[in-house]
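Trainee: What follows is a single structure, and I will ask about it in a moment.
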Amino acid sequence: MATALRSKSFQRNLLLSIGGVFLLFAVCFSIYQYQREKEYKIDILHSRLQMYNYEMVQTIGEDSLTNSQLFRNYVARHQLEGLRVSVIDQKGRVILDSYDTNVDSLGNHLQRTEIQQALHTGNGYDIKRMSQSTHETFFYSATRFGDVIIRAAVPYSVELTRSLQADNTYIYFAGVLTLMLGIVLYYITHRISRHIGYLREFAVKAEEGEELDHELERRLPDDELGDISHTIIMLYWKLRHSEEEKLRIKRQLTQNAAHELKTPAASIHWYLESILDNPEMQEDKKKHFLERCYVQSERMSKLLLDMSALAKLDDWDDNKAMSRQAFHQVDVLQVIQSVLDDTSLQLQEKGITPSLQVPQHVEVLGNQSLIYSIFRNLIDNAIAYAVGASHLKITCSETETEGRHFYEFLVSDNGPGVEEKHLEHLFERFYRIDKGRSRKIGGTGLGLAIVKNAVAVHGGSTTALATPGGGLTIRFTLARF
């Protein structure tokens, strides 16, 4: 109900705002058009009276304009209904007038609007001014010819008033057009409001945790608004699935961590309990039990360290902007050589010979400690699980993806390899191909997960592949500096 009311309120506000702007435009345009048409008709009347003035001058001559006989004969021959013609000098005195022969009583016309305009621009007019002599309302049009001004005037009759009024037909047309556009605008705003209401309904259900269906998506329009709505809904589903996946991973991590810690904790408890319950236990057996306790504690310590590293990587991934502030230029070749130096004894014991095909000056923008952990975990993984391997090959090449330049690294061994069905799961936390064998070796099941997360923090990707001829290859990328 509240959603429907808000939707109607949105429609009303949108309709009133757009409709108000359009109505204001229509009113302003109507007023402008009315004034423009009225001025046009006044200009036509002014032009006609100007033609009369010019024809008088051409007929009787500019030098004879002050001749009373010629003036009155012309006016009599070209008399129009109500027309009044006057000849006025530059000082505003009326020399001749077709209505009144006693021109001295007409007063000075110098300050009249049409006379002032004629003196300055050559012609002028005045609208609807009452004559002081006849007390009639006239339309005056004056034209200057040399030292005199001819002024023609017509009385404001009903017919003249009607002819000077603007045609109101366009106002009716504008009104009909406004009504039609109002109907169209109402339909459009109603449609937009309805579809926004669908999206709002989806948002309310999502916020309140109600069961969501896909019916709302099917009711959205197939246009730009629908595309935006579909994008928002898709982002919601992705976010929801992402949150659900995070929760699932956290639950799985908690369960796996508890399971992984339970075994060494139980072993330590059993060994210590046996020692405490048997004070007469032989020293060599007691030493053996203590050694086992130490091994299990080391396993627990490594597990906790790996879990702490993953938690730190998760924080870095959630705050990428802040984490990148701690990045600096890292020489990857130097890091790899450092890792190989630190693991040289283990590699020798396993009979694995490392080989490097990495060019000089391979530099990336990142965290040196994390990049060290990437290569250290990969080499430790090969030492632990590549049983029978004799070679460990590390190669590097440049690649470009979507306009970005990366270094692509391949870490390959020639061991027994991994079945294809396990490849996509190798980077999952606590994932083990052979759980019993892995625990005996001492692995935590988090090494490759740390590799994947550390690479992701640096903007790269990680993939597990089968080495041609046998073995496992880990492919990953790091953004070039």
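Trainee: I'd like to verify a number: residues in region 54-79 that are surrounded by fewer than 16 Cβ atoms within 10 Å (Cβ to Cβ), touching a Phe, Trp or Tyr at 6+ places or on another chain (Cβ under 8 Å) and part of a loop (DSSP other than H, G, I, E, B), how many?
Mentor: Here the count works out to 1.
Trainee: Scan region 391-431 for residues that are surrounded by fewer than 17 Cβ atoms within 10 Å (Cβ to Cβ) and of a type in the set (K, R) and jot them down.
Mentor: R404, K421
Trainee: Pick out the one residue from T395, T353 that is modelled with pLDDT of 85 or more, more than 21 Å from A479 (Cβ to Cβ) and of a type in the set (S, T, Y).
Mentor: T353
Trainee: On to the next question. Out of (1) within 21 Å of T477 (Cβ to Cβ); (2) in contact with a Pro (Cβ under 8 Å, 6 or more places away or on another chain); (3) modelled with pLDDT under 90, the odd one out for V387 is which?
Mentor: (1)
Trainee: Now for a different question. Given the structure, is Y140 closer than 24 Å to T66 by Cα, modelled with pLDDT of 85 or more, assigned to a strand (DSSP E or B) and within 60 Å of the chain's Cα centre (by Cα)?
Mentor: Judged against the criteria, Y140 is not a match.
Trainee: Return the residues of region 55-92 that are out of contact with any Ser or Thr (no Cβ under 8 Å at 6 or more places or on another chain) and of a type in the set (K, R); say none if nothing qualifies.
Mentor: Those that are out of contact with any Ser or Thr (no Cβ under 8 Å at 6 or more places or on another chain) and of a type in the set (K, R): R77, K91.
Trainee: Any residue in region 367-387 that is open to solvent by 70 Å² or more (accessible area, probe 1.4 Å) and over 24 Å from A464 (Cβ atoms)?
Mentor: yes
Trainee: Hand me the list of helices (runs of 4 or more DSSP H) wholly inside region 410-461 holding 1 or more residues that are modelled with pLDDT under 75.
Mentor: Those helices (runs of 4 or more DSSP H) span 435-441.
Trainee: Looking only at region 101-135, count how many residues are at pLDDT below 85 and either open to solvent by 80 Å² or more (accessible area, probe 1.4 Å) or over 18 Å from L80 (Cβ atoms) (or both).
Mentor: 14
Trainee: Please go through region 371-402 and pick out each residue that is part of a loop (DSSP other than H, G, I, E, B) and in contact (Cβ under 8 Å) with a residue 60 or more places away in the chain.
Mentor: Passing the criteria: A386, A389.
Trainee: Here is a follow-up. With (1) closer than 16 Å to R376 by Cα; (2) open to solvent by 90 Å² or more (accessible area, probe 1.4 Å); (3) modelled with pLDDT under 75 as the list, and L303 as the residue in question, which single condition is left unmet?
Mentor: (2)
Trainee: From the set of residues in region 342-366 that are part of a strand (DSSP E or B) and touching a residue at least 40 places away in the same chain (Cβ under 8 Å), which is nearest to G470 (Cα to Cα)?
Mentor: Per the stated criteria, the residue is P354.
The values are calculated or read from the model by the stated rules, or taken from the named source; none is laboratory data. Please read these numbers as outputs of a predicted model, since none were measured by experiment. Neighbour counts are summed over all protein chains in view; Cβ atoms, including those assigned to glycine, are modelled from backbone coordinates with ideal geometry. Areas reflect the complete protein model, heavy atoms only, side chains present, ligands, DNA and RNA absent. Shrake-Rupley method; radii C 1.70, N 1.55, O 1.52, S 1.80 Å.
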